[in-house]
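Heads up, the thing below is written out as structure tokens.
The values are calculated or read from the model by the stated rules, or taken from the named source; none is laboratory data. Given the structure is predicted, the values throughout are model-derived calculations rather than measurements. Glycine gets a Cβ as well: all are built from the backbone with ideal geometry, and neighbour counts include every protein chain shown. With ligands, DNA and RNA removed, areas are computed over all heavy atoms of the protein, side chains included. Shrake-Rupley method; radii C 1.70, N 1.55, O 1.52, S 1.80 Å.
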Amino acid sequence: INAEYMGDDVQTLRSVTVSIAENNRALQITSHRPKSQDSHNVLIELVRHGNTAQLALDSSWIHTHTDEGLLFIHGLDHTLDDSLKRFGQFLSFGNFPGHIKPFVFHWPSAVSPACFWCAHTHATDNSIHRDLYRFLEGISEAGVRHLHIITHSMGTRLLLCAFPVLQEMLRERFHVSHGPAPAPMPAPAPATSRETRDSGASNSDDAHTSRESAPLREPATAAQQPIIRSRSDAGHDWEITLLSVTMFNPEYERDMFRDDFDRIRRYCDIITIYADRRDFALSNAACWSRKASLGTNVSPILNARGYPLDCDIIDTSDLNENMSLSFHGFFNVNKLVVDDVRDVIVNKHRAVNRRTRLVDHKGVFRFTILPRSVVTI
């Protein structure tokens, strides 16, 4: 669509992207959300006001420019100035649209990596969790009703530990059903080489992974059908819809995340983990805690029934550009990663829909790049 779209006073968009949702049952439109659960139709008209042309969508679609926010929770060893600079670099590099309002939650994360356990204590402190709850209250009072959350390193621990408190502010995404659930499918046998990375390069023809090579997904029950409710239906004008949670190099135990996942999934559609098996900082933390780290896990995480958790794990272990020696703090300077997260936040795309950038390899997504040693073909 080449005409000009006049969305709001903040930004003029020159295109509207209409795509098919992951479940192939509805449409997705950039910067809009449907009034009903499954929207199969959209009417886009070209409207002229003098010499100005603008696009107008029918009344079944609501523009989200007034109520969408992006919250960043930093990790260990960050001053307020540090966190603002890192998040500002991320926003600038990604050229995020003006209708998404950025926020930073700053917490006492110690002043040195040597103070790891001090910051760990703060991240699990109930008083810090209440501060984060009050922060969400504040942005809700300011008009934010749809929120994306980005965490880095120990910021993930703070968010996940605070979630039992924060969920009072969030709108549930699932129906409550008392009907019988369908019979469960047999759980797949765990692969013996699940923890071993394939050393060979992926062929580009394998971008669409076959059903046989991909791990089975747990069948959805009637109690797990996503819903979209109006504020009047919910009766709570202050509730926030959590659109996505993105965790960069998360400092959190893998098994604890498995236990916490259902609670988070109840409130959030898109959960993404960027993990790197080379992460030196998280490897050290795992040695101290003697527990497997979520941020170095590059294989599917199975629940108690043997199915992979319904989240996207992005393996960054193949990336070499703009990487520090610790492979821990690149999320705001690596262009591939920034653009990928932008697709999550702006277009609400799951990893399976980001095929120009990612390839599915045994249930975990990798970036489609060539090794640095390849200079000609």
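Considering G98, G94, which residue is touching a helix residue (DSSP H, G or I) at 6+ places or on another chain (Cβ under 7 Å) and either open to solvent by less than 60 Å² (accessible area, probe 1.4 Å) or modelled with pLDDT under 70 (or both)? Can you show your working first?
Details: G98 fails: touching a helix residue (DSSP H, G or I) at 6+ places or on another chain (Cβ under 7 Å).
That would be G94, the only listed residue that is touching a helix residue (DSSP H, G or I) at 6+ places or on another chain (Cβ under 7 Å) and either open to solvent by less than 60 Å² (accessible area, probe 1.4 Å) or modelled with pLDDT under 70 (or both).
For the subset of the stretch 125-157 comprising residues that are closer than 21 Å to T246 by Cβ and in a loop (DSSP other than H, G, I, E, B), which member is most open to solvent (accessible area, probe 1.4 Å)? Filtering first and then ranking leaves R145. Here S31 passes the criteria (1) open to solvent by less than 50 Å² (accessible area, probe 1.4 Å); (2) under 30 Å from N249 (Cβ atoms); (3) at pLDDT 75 or above except the one numbered (3). Considering the stretch 41-84, and only residues there that are among the small types (G, A, S) and open to solvent by 50 Å² or more (accessible area, probe 1.4 Å), the residue that is farthest from I128 (Cα to Cα) turns out to be G50.
Scanning the stretch 102-112 for any residue that is out of contact with any helix residue (DSSP H, G or I) (no Cβ under 9 Å at 6 or more places or on another chain), modelled with pLDDT of 95 or more and not charged (D, E, K, R) turns up nothing.
With respect to S112, is the statement that it is surrounded by fewer than 17 Cβ atoms within 10 Å (Cβ to Cβ) and free of Cβ contacts under 8 Å to residues at least 60 places away in the same chain true?
Values: surrounded by fewer than 17 Cβ atoms within 10 Å (Cβ to Cβ): yes; free of Cβ contacts under 8 Å to residues at least 60 places away in the same chain: yes.
The answer is yes for S112.
With respect to the conditions (1) open to solvent by 50 Å² or more (accessible area, probe 1.4 Å); (2) in a loop (DSSP other than H, G, I, E, B), C287 lacks only one, and its number is (2).
Counting just the residues of the stretch 318-346 that are more than 18 Å from G94 (Cα to Cα), of a type outside the set (F, W, Y) and out of contact with any strand residue (DSSP E or B) (no Cβ under 8 Å at 6 or more places or on another chain), which one comes out most open to solvent (accessible area, probe 1.4 Å)? My answer is L325.
Step by step: first the residues of the stretch 266-284, then only those that are within 19 Å of the chain's Cα centre (by Cα) and open to solvent by 30 Å² or more (accessible area, probe 1.4 Å), then the one that is nearest to C161 (Cα to Cα). Which residue is that? Don't jump to the end; show me each part of the working.
Start the filter on the stretch 266-284 by keeping residues that are within 19 Å of the chain's Cα centre (by Cα), which leaves 266-276.
Filter again for open to solvent by 30 Å² or more (accessible area, probe 1.4 Å), leaving 266, 269.
On the way: R266: 16, D269: 19 Å.
Top of the filtered list is R266.
Within the set F87, F72, the sole residue that is within 19 Å of H328 (Cα to Cα) and assigned to a helix (DSSP H, G or I) turns out to be F87. Checking the stretch 347-357 against the condition returns a match, with at least one residue being closer than 21 Å to R278 by Cβ and open to solvent by 40 Å² or more (accessible area, probe 1.4 Å).
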